[in-house]
Amino acid sequence: MDEIITLDYGSGGKKTSRLIENMLLPAFSNSALEALGDGAILAGAEKLVFSTDSFVVSPLFFPGGDVGKLAVCGTVNDVAVCGGVPKYLSCAFVIEEGFETEKLARIVDSMARAAKAAGVEIVTGDTKVVERGRGDGVYINTAGIGFLKYPGLSPRKLQAGDAVIVSGTVGDHGTAVMLARSGMMQGELRSDCAALNGLCEAILSSGAAVRVLRDPTRGGVATTLCEFVEGSALSIELEEEKIPVRDGVRAACEMLGLDALYCANEGKLLCVAAEEDCGKVLDAMRATEQGKDAAVIGRVTESYPGKVVMKTAFGGSRILQKLAGAQLPRIC
Amino acid sequence: MSFDAQRVLDAIRALELGEIRLMEVCGTHTMAIAKSGLRTMLPENVKLLSGPGCPVCVTPGEVIDAVLELAMRPGLIITTYGDMVRVPGSTPGDNLARRRALGARVEVVYSPVDAVTIAQENPDREIVFLGVGFETTAPGTAAAVLTAKEKGVKNFSLFSMLKTVEPALRALIASEGFNVQGFLCPGHVATIIGEEGFEFLPRDYALPAVISGFEPEDILSSVYLLCRQLAEGKSLVQNEYRRAVAPQGNPLARAMMEKCFEARRDLWRGLGAIEQSGLALRDELAEYDAEKKFGVTYKAAAKTTACRCGEVITGRLSPAQCPLFGKRCTPEDPVGPCMVSSEGACAAHYKYRAV
């Protein structure tokens, strides 16, 4: 293979085959993929969970992960929080002409490792190369199929009195990427990027009455919780003091003018469960690596219909809104 | 918690005061007050208002229009703090983010000196840094200009929208209908201009002034100090933010500003033109002055919206009283700069709405 990806690698000809055979097949090896059909033929189940997501992160490599790991974990998590057991992923690359082959290989390797760790197979895919200046290194789209094991999870199942639980510290991914982008404090903070299907299984198999699971990615914890209650007769009341935030994340947010509650997470779960099963959920979460810092951060109530209200650490209270636009670093 | 907010609140309640209106003149205070929910804790007779303390919010539409026009010139890169990217000019929806989508090059930087680095990396481009802010950002901006000069970087220039606090406060106090009994003074600005920079408030206007830090504990303590001065009929400058603010400020930073800038008449949104309130590059640094370099001109903007940012930042209107607030004007689709800036009064009220 050449040192850089040229337009030829997207031609559909020999070089495309070389990219697939030399890099992608060895990395993602499995029988469904190796058949090299136009699509993969898979063993099935009665009900499927199907999800897709595109990944355009900048920078491509950041402390704690890279675009490849993100592309696998992100889709695995979307399937898992729907109550599915993720099985198969597709993977489509849009590569910019001139992209270093070595970097692509690192991304592919990272995807392979993430897929293995999550117990999923990448069974079909596509590669395209666009002219230099028309992409940002590499974009990845993944779609995921899972077998539905735990049906019925939905924000509509929320009941007054339910506990709102987060699986760990909030805002790690968003701040790590923002800092990596700015070139500041690199290595200090790490993205929490991780597959959460193990954590979901642990919670859902505990027998607890779980109403809903969600991974609070873009828009952060605040936006996801707003989505849970918007338009409903219920509210969520949070206690700021109980929300776990790393000191480094707090400091970075302070410096950049961000709010950890609105920063993306890529390895955290929000779970709403029946009050009496709160202990079961916490135990199940804390028994896993991803859930060791799990905490109850609030309650479902009927006091402020449709709203998320937070009691601040200082003693005041305010309404949380969904994120509006992207968070921008501030002036001073 | 060693700080007992309830005790301070009780102490405020115990003071004999009628209705008092206190103004903060710093965007970071605006945000901290809204974020901590402080307004929901204070007794009803103590009102906190947001003054002209958000640099983005006080930049008038016609200046933003000129920036947007400049951004479209070929071969030019606009470098800016993130806040400025979504500020609309006189046409709602038209901002640097939109211009970027239309082909303008706009880079967000964290420090003005980064803009000089971008200039060095792109010798065939003209790099313009949008200098926004008060005495807090002016020294850093001066440092960038001096760095460019020292390194012989000719393709860097500064579009100065820098302003100083004192002339604006004087204009505000002199304006019709001014009804504020004390100022919560900006801690960051005070690190540069010192306690002495606010002495004019008690001396010339008999107004109490307290320089405050940015934690909610700082702000509540400062509110108490202001209330106590008012209850005792005093007016003086008190420094609650001693851990950062020296009585004489930072003379080194001021010397750097002095070296680069001279005061000029400047336009403020909501306050109009104020003599000696803006900072322009000195003549000997004219080659780094983007306005001169690119022959920037300003067109009087036709007022096309019902946006009342001007009244909001002078404390005449609370954000929710603006007819556009939360309806036509939201952070996703802002009409006025108070809604777009992360430090704007409207954005703070919208994002951190009180229960």
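So for A:Phe147, B:Phe178, fewest C-beta neighbours within 10 Å to most, what's the order?
B:Phe178, A:Phe147
For chain A, the longest principal axis of the Cα atoms and the long axis of helix A:101-118 meet at an angle of about 50 degrees.
About its Cα centre, the dipole of region A:7-148 is roughly 160 debye, where the only charges are +1 on Lys and Arg Cβ and -1 on Asp and Glu Cβ. Full extension of the segment from B:Glu199 to B:Ala244, taken as 0.36 nm per residue of separation minus the current Cα-Cα distance, would add 14.4 nm.
What size of dipole, in debye to the nearest 20, comes out for the protein assembly as shown about its Cα centre when the only charges are +1 on Lys and Arg C-beta atoms and -1 on Asp and Glu C-beta atoms?
Numbers: 73 positive and 84 negative charges, 187 e Å.
Result for the protein assembly as shown is approximately 900 debye, rounded to the nearest 20.
Shape of region B:1-119 from the C-alpha gyration tensor: prolate (a/c of 1.5 or more and a/b above b/c, with a ≥ b ≥ c the square roots of its eigenvalues). Couplings for region A:145-159, taken from phi via the Karplus curve 6.51 cos²θ - 1.76 cosθ + 1.60 with θ = phi - 60°, read 10, x, 8, 5, 10, 10, x, x, 6, 6, x, 5, 7, 4, 10 Hz in order; Gly and Pro are left as x.
Which of rounded, prolate, oblate describes the protein assembly as shown, given a ≥ b ≥ c as roots of the alpha-carbon gyration tensor eigenvalues and a/c under 1.5 marking rounded, otherwise prolate only if a/b is larger than b/c? Cα axes put the protein assembly as shown in the oblate bin. Here the residues A:Cys278, A:Cys200, B:Cys26, ranked from fewest to most Cβ neighbours within 10 Å of their Cβ, fall in the order A:Cys278, B:Cys26, A:Cys200.
Electrostatic tally near B:Lys259: other residues with Cβ closer than 14 Å to its Cβ, Lys and Arg +1, Asp and Glu -1, net -2. Restricting region A:43-124 to trypsin sites (Lys or Arg not before Pro) that sit in a DSSP loop and have at most 12 other Cβ atoms within 10 Å of their own Cβ leaves A:Lys47.
Against the longest alpha carbon principal axis of chain A, how many degrees, from 0 to 90 and to the nearest 10, is the axis of helix A:172-182 turned? Tilt relative to chain A: about 60 degrees.
Taking a ≥ b ≥ c as the square roots of the eigenvalues of the Cα gyration tensor, an a/c ratio of 1.5 or more together with a/b larger than b/c marks region B:10-293 as prolate.
For B:Gln276 and B:Val296, compute 0.36 nm times the residue count separating them, minus their Cα-Cα distance, and round to one decimal in nm.
Taking B:Gln276 through B:Val296 to full extension adds about 5.2 nm, to one decimal.
Checking every one of the trypsin sites (Lys or Arg not before Pro) in region A:244-332 against DSSP loop status and a limit of 15 other Cβ atoms within 10 Å picks out A:Lys292. Averaged over peptide B:35-46, the number of partner chain Cβ atoms lying within 10 Å of each residue's Cβ comes to 4.
In percent, rounded to a whole number, the relative contact order of region B:309-351 is 33, using alpha-carbon pairs under 8 Å and six or more apart. Taking chain A as a Gaussian network, where each spring joins two C-alpha atoms under 10 Å apart, which residue of A:Met111, A:Met178, A:Met255 fluctuates the most? Highest fluctuation of the listed residues: A:Met255. Annotation for region A:198-288: GluC sites (Glu not before Pro) lying in DSSP loop with at most 14 further Cβ atoms inside 10 Å of their Cβ are A:Glu230. For chain B, relative contact order (Cα pairs under 8 Å, six or more residues apart, normalised by length) works out to 24 percent. Within the shell defined by Cβ-Cβ distances under 11 Å, the residues around A:Tyr262 carry a net charge of +2, with Lys and Arg each +1 and Asp and Glu each -1.
Nearest 10 degrees is fine. How inclined is helix A:67-80 to the longest principal axis of chain A, computing both from alpha carbons? For helix A:67-80, the angle is close to 50 degrees. Near A:Val212: Cβ cut-off under 9 Å, other residues only, Lys/Arg at +1 and Asp/Glu at -1. The net charge is +4. Dipole of region A:1-155 (Lys/Arg Cβ +1, Asp/Glu Cβ -1, origin at the Cα centre): which of A:Gly98, A:Val120, A:Ser54 lies farthest to the positive side? Ranked along the dipole, the leading option is A:Val120. Scalar couplings 3J(HN,Hα) for region B:151-159, obtained by applying the Karplus form with A = 6.51, B = -1.76, C = 1.60 to θ = phi - 60°, are 8, x, 7, 8, 9, 10, 9, 10, 9 Hz; x denotes Gly and Pro.
We did not get these values from a lab; they are worked out from the coordinates using the rules stated. On a predicted model such as this, the values are computed, not experimentally measured, just so you know. So basically every Cβ, Gly included, is an ideal-geometry build from the backbone, and we count neighbours across all protein chains shown.
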